[in-house]
Amino acid sequence: RRPPRSTLFPSTTLFRSENPEGAEVCQTCGAKLLLNDRYHVMRALGQGGFGATFLAADTSLPGEPQCVIKQLRPATTAPHAFEMARNLFMREAKTLGKIGNHPQIPQLLNFFECNQEFYLVQEFVDGLTLKAEVKKNGPYSEATTRQFLSEALPILEYVHSSKVIHRDIKPDNLIRREQDKRLVLIDFGAVKDQVSRSEEHTSELQSLTNL
């Protein structure tokens, strides 16, 4: 069965329940079960200032590999908000497309607009965030902190060399990838790729988010 419908975004039919496996439309309401006729959303991963992330399966590819879908959600219904949301969406997609070839940054797989809502599809990184890692294992020792810096700083050096500022570096946005135990930097939602436009970008973020 599909997971129950999310309560985060009632305008989007990301989740449906009580449907047989393989069904394409909801037997209760008739809505499509696949986002963009492709992605089966399995569960919510998190919610931020102006978006949420979901774990999904790409049913268009053999084996239905997992991916992460980020939905951009403006926090206002002001007439200008939609165009501002689109500008932020395109900016983030462009930036991710530019820097996502790094092995420690999730690759951008797709981006699209659907029913006046915006979606980014990225590579799924399986692992624990640093926040969860510290909660599980306790505070870092000096040696562990030095090791962390030796792993994290080269990622930031690469990002900055591409003239991009992440602006939200925190334990929640660094994942220890289970496959190879390497750090991966995620969530470029507050990304800034033109330093000289700080006032414009800050204004957009304040209009679109609850921060």
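The values are calculated or read from the model by the stated rules, or taken from the named source; none is laboratory data. Values in this document were obtained by computation on a predicted structure and should not be read as measured data. Here the Cβ positions follow ideal geometry from the backbone for every residue, glycine too, while neighbour counts run over all protein chains shown. Remember, those area values only see protein heavy atoms, side chains included, never the ligands or the DNA or RNA. Shrake-Rupley method; radii C 1.70, N 1.55, O 1.52, S 1.80 Å.
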Checklist entry - What's the number of the condition Gly97 fails, among (1) open to solvent by 20 Å² or more (accessible area, probe 1.4 Å); (2) modelled with pLDDT under 85; (3) small (Gly, Ala, Ser)? => result (2)
Checklist entry - Of everything in region 153-175 that's farther than 15 Å from Thr95 by Cβ and more than 16 Å from the chain's Cα centre (by Cα), which residue is least open to solvent (accessible area, probe 1.4 Å)? => result Pro154
Next on the checklist: Between Gln104, Gln179, Gln122, which is touching a Cys at 6+ places or on another chain (Cβ under 7 Å) and in contact (Cβ under 8 Å) with a residue 24 or more places away in the chain?
Outcome noted: Gln122
Next on the checklist: Anything in region 125-174 that is among the polar types (S, T, N, Q), in contact (Cβ under 8 Å) with a residue 24 or more places away in the chain and farther than 17 Å from Gly46 by Cβ? List them, or say none.
Outcome noted: Ser162
Checklist entry - Can you tell me how many residues in region 114-152 are of a type outside the set (Phe, Trp, Tyr) and within 23 Å of Pro103 (Cα to Cα)? => result 21
Checklist entry - What is the one condition in (1) surrounded by fewer than 17 Cβ atoms within 10 Å (Cβ to Cβ); (2) under 12 Å from the mean Cα position of the chain (by Cα); (3) modelled with pLDDT under 90 that Glu123 does not satisfy? => result (3)
